[in-house]
Amino acid sequence: MAGVPESGGGPVVGEDGRARTPWAYGHPLLLDYYDTEWGLPVTTESGMFERLSLEGFQAGLSWLTILRKRPRFREVFADFDVDAVAAFDGSDVDRLLADPGIIRHRGKIEACIRNARAAVDLREDGGLVAFIEGFAPETTPEPRTLAEVPTSSPESVALSKALKKRGFGFVGPTTMYALFEAVGIVDTHVLGSHMRGASGRWPR
């Protein structure tokens, strides 16, 4: 594959001839995630809850660490079924803290359970997906390089505050901006990437 251009962080053409944002080439798991999932819309409650939860677990860690552990996360968090996780209790926290296959951080585990309960409550207001979509911006960045990709926005700050008010944890503005990127609410594929515009929400 080609190397990162000297201009720094612009699109990189892989061995298959497709251009991508440079971080996609760090590992085969990252490449697959970039090509098949990152930046594409998520429309189900469990899907959005999984993305929200994993972004929270990622805080302070690499996304590759999360992808490597994702299968086990799905196993022990009941495929991120909101009702199932909302029913977890102290014994489940102890069980999860003892599982080396996930991120064993008490605060993040307990926040995930609280977030599931808060997501149940959000159903009265249209549900988790609609709530998050309600903070979608009117425009998206058009980064030419990684250096031009934002790490937060007024909308991610507002979503963070709104979720915290509803009882969610580990939902800071940077984490919420990463969620926006992950589910296509903003498009931060660098210009020239073959995935630019893949969400259908924004033009290439």
Checklist entry - Scanning the chain for helices, which whole DSSP H stretches are 27 Å or more long along the axis (Cα) and average -1.0 or more by Kyte-Doolittle? => result none
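Given the DSSP H assignment, sum -39500 (n - 2.57) over each helix run of at least 4 residues in the chain and divide by its residue total; what's the result at 222 nm in deg cm²/dmol, nearest 500?
-14000 deg cm²/dmol
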Checklist entry - Can you work out ³J(HN,Hα) from phi for every residue in the range 125-142, in order, using Karplus 6.51 cos²θ - 1.76 cosθ + 1.60 and θ = phi - 60°, giving whole Hz and x for Gly and Pro? => result 10, x, x, 4, 4, 5, 5, 5, 4, x, 9, 5, x, 8, 9, 10, x, 10
Item to check | Shape call, the range 95-146: gyration tensor on alpha carbons, a/c limit 1.5 | outcome: oblate
Next on the checklist: What is the sum of charges, Lys and Arg at +1 and Asp and Glu at -1, for the other residues whose Cβ falls under 11 Å from the Cβ of Val129?
Outcome noted: 0
Checklist entry - Non-local amide H neighbours of Val13 (under 5 Å, H modeled in plane, Pro and chain starts lacking H): which ones? => result Ala2, Arg20
Checklist entry - Gaussian network model of the chain, Cα springs within a sub-10 Å range: biggest mean-square fluctuation belongs to which of Gly126, Gly14, Gly184? => result Gly126
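Multiplying the sequence separation of His27 and Asp121 by 0.36 nm and subtracting their Cα-Cα distance, what value in nm do you get?
Here the answer is 30.0 nm.
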Item to check | Environment charge of Asp187, counting only residues whose C-beta is closer than 11 Å and scoring Lys/Arg +1, Asp/Glu -1 | outcome: +1
Checklist entry - Counting only Cα, what are the radius of gyration and maximum Cα-Cα distance Dmax of the range 11-104, in Å? => result 15.4, 50
Checklist outcome for this item: Computed on Cα atoms, the radius of gyration and Dmax of the range 65-121 in angstrom are 10.6, 31
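Any idea what % of Cα-Cα pairs in the chain are farther than 22 Å?
For the chain, the share of Cα pairs beyond 22 Å comes to 49 percent.
FYI, it's all coordinate maths here, none of it is from the lab. Worth saying up front: this structure is predicted, and the values here are computed from it rather than measured. All Cβ positions, even for glycine, are placed from backbone atoms using ideal geometry, and neighbour counts span all protein chains on display.
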